[in-house]
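> First, the structure itself, so that you have it in front of you.
The values are calculated or read from the model by the stated rules, or taken from the named source; none is laboratory data. It should be emphasised that the depicted structure is a prediction, and the values quoted were computed from it without experimental measurement. All Cβ positions, even for glycine, are placed from backbone atoms using ideal geometry, and neighbour counts span all protein chains on display. Please note that ligands, DNA and RNA were not included when accessible areas were found on the heavy atoms of the full protein model with its side chains. Shrake-Rupley method; radii C 1.70, N 1.55, O 1.52, S 1.80 Å.
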Amino acid sequence: MAYVLRRLLEMVPVLLIVVAATFFLAHAVPGGPFDKERPLPAEVKARLEQYYGLDQPLPKQLGNYVVNLAQGDLGPSLKYDDWYVHEIIGSRVGVSASLDRKS
């Protein structure tokens, strides 16, 4: 039992490192979530960045991301209007589970 508990406690810093590395790598990629074929007006882009919290400094964004991730809140979808990521994942889990049972 002590071995299992120790391994679970060791998992926490590893997960935090993976989350931070993924976060910073995603921010290091050129472009952004609102860059499309046609550029957005500056005020629209600024409002979108404010809504999604992308106007804050990176350490604050990372802190918010980790706190929200720990609560199961993956934030609003950038692709589907009026949907949150956890709602999208939840709506498709049943389909994925039924496909897994058939194989």
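> Go through the stretch 69-79 and count every residue that is of a type outside the set (G, A, S), under 17 Å from D55 (Cα atoms) and surrounded by 14 or more Cβ atoms within 10 Å (Cβ to Cβ). Write out each step before concluding.
Kept after step one, since they are of a type outside the set (G, A, S), are these residues of the stretch 69-79: 69, 71, 73-74, 76, 78-79.
Adding the requirement that they be under 17 Å from D55 (Cα atoms) leaves 76, 78.
Still in the list and also surrounded by 14 or more Cβ atoms within 10 Å (Cβ to Cβ): 76.
The number of residues fulfilling the criteria is 1.
> Would you please list the contacts, defined by Cβ atoms under 6 Å and residues six or more apart or on different chains, that run from a residue in the stretch 71-98 that is outside any helix (DSSP H, G or I) to a residue that is among the hydroxyl-bearing types (S, T, Y) and surrounded by 10 or more Cβ atoms within 10 Å (Cβ to Cβ)?
P76/Y84; W83/S77
> Select from the stretch 56-68 the residues that are open to solvent by 60 Å² or more (accessible area, probe 1.4 Å) and among the hydrophobic types (A, V, I, L, M, F, W, C) and list them in ascending order.
Scanning the stretch 56-68 gives L58, V67.
> Does the stretch 1-54 hold any residues that are assigned to a loop (DSSP other than H, G, I, E, B) and within 19 Å of D73 (Cβ to Cβ), and which are they? Before the answer, list the steps.
We begin by selecting, within the stretch 1-54, every residue assigned to a loop (DSSP other than H, G, I, E, B); these are 1, 29-41, 53-54.
Those that are assigned to a loop (DSSP other than H, G, I, E, B) and within 19 Å of D73 (Cβ to Cβ): P33, G53, L54.
> Could you list all residues from the stretch 11-24 that are surrounded by 10 or more Cβ atoms within 10 Å (Cβ to Cβ) and either of a type outside the set (A, V, I, L, M) or over 17 Å from the mean Cα position of the chain (by Cα) (or both)?
M11, T22, F23, F24
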